[in-house]
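Participant: There's a structure below that I have some questions on.
The values are calculated or read from the model by the stated rules, or taken from the named source; none is laboratory data. A quick note: this is a predicted structure, and the numbers were derived from the prediction, not measured. All Cβ positions, even for glycine, are placed from backbone atoms using ideal geometry, and neighbour counts span all protein chains on display. SASA here: full protein model, heavy atoms, side chains in, ligands and nucleic acids out. Shrake-Rupley method; radii C 1.70, N 1.55, O 1.52, S 1.80 Å.
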Amino acid sequence: DWVILEGPLVDGKMTVLITASPKDYIDALTDVLKQAGLKPFALEVESQATARSLVAREDETVLIADIDTARTSFIIYEHGTLKFTSSFPVAGNAFTESIARGLDINFDDAEKLKREVGIADAPKYASERKALAAVLNNLVEEIKTTIRFHEEHSSDNVKVTRLLLAGG
């Protein structure tokens, strides 16, 4: 699907948001809905649904970092419109693997520690913080790169005013 984004034409060109998903993926989703006795009317792109559910104010530009187990999705929602999405292959499992390696424990124990402690400030968990530092720094750099990319390519040099972290 596609939609023309609002805003002035730049050098006689318009900005268009294009979304795409593999047909077999969409067909599988609609088949499940039909088997459940539902009649699908419309499907919404995950990034649009995420932004719509998390951003209440339409007078700001927000970067959402949606961190799941395998990837982090970056969603820029500018004044009520989806402007940019990308994904980065560092997410929850990378944090868990880093803890497991850094503390020399198995994946399941590292996952449990990650969920129970998070990124704590307590001195007792300094080794966990140290194990996470490289992954966190990598994620922070990707967030900075995404913000820079958006601000450099925005027609009005619109600045990201807020960062939301989401996901499991």
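Participant: What share of the DSSP beta bridges in the chain is antiparallel, in percent to the nearest 5? Present the calculation step by step, with values, prior to reporting the outcome.
Facilitator: Working: 18 of 24 bridges.
In the chain, DSSP labels about 75 percent of beta bridges as antiparallel.
Participant: Taking the alpha-carbon centroid of each part, what is the distance from the range 20-44 to the range 60-127 in angstrom?
Facilitator: About 29 Å separates the Cα centre of the range 20-44 from the one of the range 60-127.
Participant: Over the range 53-95, average the accessible area per residue using a 1.4 Å probe and give it in Å², no decimals.
Facilitator: 41 Å²
Participant: Out of Val55, Val90, Val32, any idea which swings most in a Gaussian network model of the chain, alpha carbons joined below 10 Å?
Facilitator: Residue with maximal mean-square fluctuation among Val55, Val90, Val32: Val32.
Participant: Search the structure for amide H atoms under 5 Å from the amide H of Phe84, placed 1.01 Å from N in the peptide plane, and list their residues when 5 or more places away or on another chain.
Facilitator: Distant-sequence amide H within range of Phe84: Ile76.
Participant: Let me ask you something else. Just by accessible area at a 1.4 angstrom probe, what is the order of Lys144, Lys114, Lys34 from largest to smallest?
Facilitator: Heavy-atom accessible area, descending, gives Lys34, Lys144, Lys114.
Participant: If amide hydrogens are placed 1.01 Å from N in the peptide plane, which non-local residues have theirs closer than 5 Å to the one on Leu164?
Facilitator: The list, which skips near neighbours in sequence, is Leu63, Ile64, Ala65.
Participant: Additional query: Through the Karplus equation 6.51 cos²θ - 1.76 cosθ + 1.60, θ set to phi - 60°, convert the phi angles of the range 82-89 into ³J(HN,Hα) values in whole Hz; use x for Gly and Pro.
Facilitator: After applying 6.51 cos²θ - 1.76 cosθ + 1.60, I find 5, 10, 7, 9, 7, 9, 9, x Hz.
Participant: Ok, one more. For the range 72-168, calculate the relative contact order in percent as a whole number, restricting contacts to Cα pairs under 8 Å that are 6 or more residues apart.
Facilitator: Working: 71 pairs, mean separation 20.9, N = 97.
Over the range 72-168, the number comes to 22 percent.
Participant: Another question, if that's okay. If you count, for each residue, the other Cβ atoms within 10 Å and average over each peptide, how do 60-67, 17-24 line up from highest to lowest? Kindly include the intermediate steps, with their values, before the conclusion.
Facilitator: On the way: 60-67: 19.9, 17-24: 10.4.
The packing order, highest mean first, is 60-67, 17-24.
Participant: In addition: Mean separation of Cα pairs under 8 Å and 6+ residues apart, divided by the residue count of the range 56-118: what relative contact order is that in percent?
Facilitator: After rounding, I find 23 percent.
Participant: Where nothing but the Cβ of Lys and Arg (+1) and of Asp and Glu (-1) is charged, how large is the charge dipole of the range 18-90 around its Cα centre, in debye to the nearest 20? Show your work: numbers first, answer last.
Facilitator: Values: 7 positive and 11 negative charges, 33 e Å.
Result for the range 18-90 is approximately 160 debye, rounded to the nearest 20.
Participant: Another question about this same structure. With springs only between Cα atoms under 10 Å, which of Val117, Val158, Val135 fluctuates most in a Gaussian network model of the chain?
Facilitator: Among Val117, Val158, Val135, the largest GNM mean-square fluctuation belongs to Val117.
Participant: If you don't mind, another one. Size of the dipole of the range 26-168 about the Cα centre, Lys and Arg at +1 and Asp and Glu at -1 on the beta carbon, nothing else charged, in debye to 20?
Facilitator: Details: 17 positive and 23 negative charges, 40 e Å.
The dipole of the range 26-168 has a size of about 200 debye.
Participant: Ok, one more. Report the local net charge at Leu164: Lys and Arg +1, Asp and Glu -1, summed over other residues whose C-beta lies under 12 Å from its C-beta.
Facilitator: Counting the neighbours of Leu164, the net charge comes to 0.
Participant: Could you tell me which residue out of Ala28, Gly80, Phe95 lies farthest along the dipole of the range 15-107 toward its positive end? Charges go on the beta carbon: Lys and Arg +1, Asp and Glu -1, centred on the Cα centre.
Facilitator: Ala28
Participant: Can you compute the charge dipole magnitude of the range 79-148 about its Cα centre, using +1 on each Lys and Arg Cβ and -1 on each Asp and Glu Cβ, nothing else charged? Give it in debye, rounded to the nearest 20. Write out the running numbers ahead of the final one.
Facilitator: Values: 10 positive and 10 negative charges, 67 e Å.
Charge dipole, the range 79-148, about its Cα centre: 320 debye, nearest 20.
Participant: Out of residues 5 or more away from Glu60 or on other chains, whose amide H comes under 5 Å of its own, with H placed 1.01 Å from N in the peptide plane?
Facilitator: Correct list: His79, Gly80.
Participant: Over the chain, how many pairs of lysines fall under 18 Å by alpha carbon, counting only those 8 or more apart in sequence or from different chains?
Facilitator: 10
Participant: With an 8 Å cut-off on Cα pairs and a minimum separation of 6 or more residues, tell me the relative contact order of the chain in percent.
Facilitator: Relative contact order comes out at 20 percent.
Participant: For the chain, what is the calculated [θ] at 222 nm in deg cm²/dmol (nearest 500), taking -39500 (n - 2.57) for each run of four or more DSSP H residues and dividing by its residue count?
Facilitator: Dividing the helical sum by the residues of the chain leaves -14000 deg cm²/dmol.
Participant: Are there DSSP H segments in the chain that both extend 30 Å or more along their axis (alpha-carbon positions) and score a mean Kyte-Doolittle hydropathy of at least -0.5? List them, or say none.
Facilitator: Numbers: long enough: 126-153 (40 Å, -0.40).
Flagged H segments are 126-153.
Participant: Same structure, new question: For the chain, state what percent of all Cα-Cα pairs lands in each successive 5 Å bin, counting from 0 Å until the bin that includes the largest distance.
Facilitator: It works out to 1, 7, 14, 15, 15, 13, 12, 10, 7, 3, 1, 0, in whole percents.
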